[in-house]
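> Please see the structure below; I have some questions.
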Amino acid sequence: MCGIVGLYLKNPALENQLGALFEPMLLAMTDRGPDSAGFAIYGDEVKDGWIKLTLQSTTAGYDFKALMGELEGRLGCSLDGFQNASAAVLKTNADEAAVRAVLAELAPAVRVMSVGQSIEILKGMGLPKEISERFSLAKMKGSHIIGHTRMATESAVTMEGSHPFSTGQDLCLVHNGSLSNHFRLRQELRRHGIEFETENDTEVAAGYLTWRLRQGDSLKEALDHSLEDLDGFFTFAIGTRDGFAVIRDPIACKPAILAETDDYVAMASEYQALSTLPGIDKAKVWEPEPATMYIWERSA
């Protein structure tokens, strides 16, 4: 069944409140997804020439501080970072491929959740309330955020298999539904250099968008192609460095609701997740149309 929520702030004055505004939205989707939960938050950007990696360990009590010291020595680069519960955010001016290679050697229990200049992905098994408290969601700041609560249908309940999924810099995707052609697409995308870490069908959708964007598509063009090439039922919310997008399949059997005010754009699988937002009683509220793209991005 799964639950999707997203919040994009049009008013920068609200960025200090992003986590506090978003937390009730995520918790409202608990009944739709009690297995695992996660979110991708955008903000705290690193400067050009640097990247930010979100790391999570599959084992409890991992010593990220020691790992960062080893990485700095091996890579010979500038490095900064901090730990957040079972995750760590690493900021570096090293090449992404070099960082991944050293991580694979030094820390096989550590997974890269996201890479980019803005994105951080935090997720795990358990109720949304447990995930929110683990990572102190309510205290987080940023420009926009996308979250997911999962009821597993296509793959096992694991930290890696929870949403959001990211397969390209500053790009992520969450999904309610199921894709019927994900096995064939996964094989095809691998031939184009897209790498996958799970058997989850949603990761294939994220990988598909990454591939289209690498071909030079705009986000709108990539989503147009997704309607042709992805078979199944889906509501997607997609995060990028500049904003977010929502799209439903041509049948639109998976629920979604959108709301917009002068201060924000919000989306959810059910209206109850929007009911705590300020000014929601005066917001424009509507159900997104089938096979129609809704995109909000910051001006260049």
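The values are calculated or read from the model by the stated rules, or taken from the named source; none is laboratory data. What you are looking at is a predicted structure, and each value in this text was computed from that prediction instead of being measured. Neighbour counts run over all protein chains shown; Cβ positions are idealised from the backbone, glycine included. Surface accessibility is based on the protein's heavy atoms, side chains included, excluding ligands, DNA and RNA. Shrake-Rupley method; radii C 1.70, N 1.55, O 1.52, S 1.80 Å.
> What's the magnitude of the charge dipole for the chain around its Cα centre, counting Lys and Arg as +1 and Asp and Glu as -1 at the beta-carbon? Answer in Debye, nearest 20.
Taking the Cα centre of the chain as origin, the dipole is about 300 debye.
> Also, I was wondering about something else. At E289 and T59, where each label point lies 7 Å from the Cα along Cα→Cβ, what is the point-to-point distance in nanometres?
5.4 nm
> Helix 219-229 versus the longest principal axis of the chain: what is the Cα-based angle in degrees, 0 to 90, to the nearest 10?
Between helix and principal axis, roughly 80 degrees.
> Please report the carbon-and-sulfur percent of the accessible area for the range 147-258; probe 1.4 Å, protein heavy atoms only, DNA, RNA and ligands left out.
So the carbon and sulfur contribution to the accessible surface is 48 percent.
> Compare the peptides 175-184, 275-284, 197-206, 66-75 by average per-residue count of other Cβ atoms within 10 angstrom and give them in order, highest first.
Listed from highest to lowest mean packing, they are 197-206, 175-184, 66-75, 275-284.
> Just to confirm the number: angle between the C-alpha axis of helix 201-214 and the first principal axis of the chain, 0 to 90 degrees, nearest 10?
With rounding to tens, the tilt is 80 degrees.
> Out of the total accessible area of the range 1-77 (probe 1.4 Å, heavy atoms of protein only), what percent is carbon and sulfur?
Percent of accessible area from carbon and sulfur atoms in the range 1-77: 50.
> Another question, then. Compute the accessible area per residue over the chain, keeping the other protein chains in place, probe 1.4 Å, unit Å².
That works out to 41 Å² per residue.
> Another question about this same structure. Any idea how far apart C253 and A109 come out in nm if each label point goes 7 Å out from Cα toward Cβ?
Reported label-point gap for C253 and A109 is 4.3 nm.
> Assuming 0.36 nm per residue, please report the length gained on full extension of the stretch H225 to E133 beyond their Cα-Cα distance.
Extra length available between H225 and E133 comes to 29.3 nm.
> Return the calculated 222 nm mean residue ellipticity for the chain, to the nearest 500 deg cm²/dmol, obtained by summing -39500 (n - 2.57) across DSSP H runs with n ≥ 4 and dividing by the residue count.
So the calculated ellipticity at 222 nm is -7500 deg cm²/dmol.
> Please list, by residue number, everything in the range 22-45 whose backbone N is under 16 Å from a paramagnetic label point 7 Å out along Cα→Cβ of D80.
Answer for this model: 43-45.
> Nearest 10 degrees, 0 to 90: what angle lies between the long axis of helix 18-27 and the longest principal axis of the chain (Cα atoms)?
Rounded to the nearest ten degrees, it is 70.
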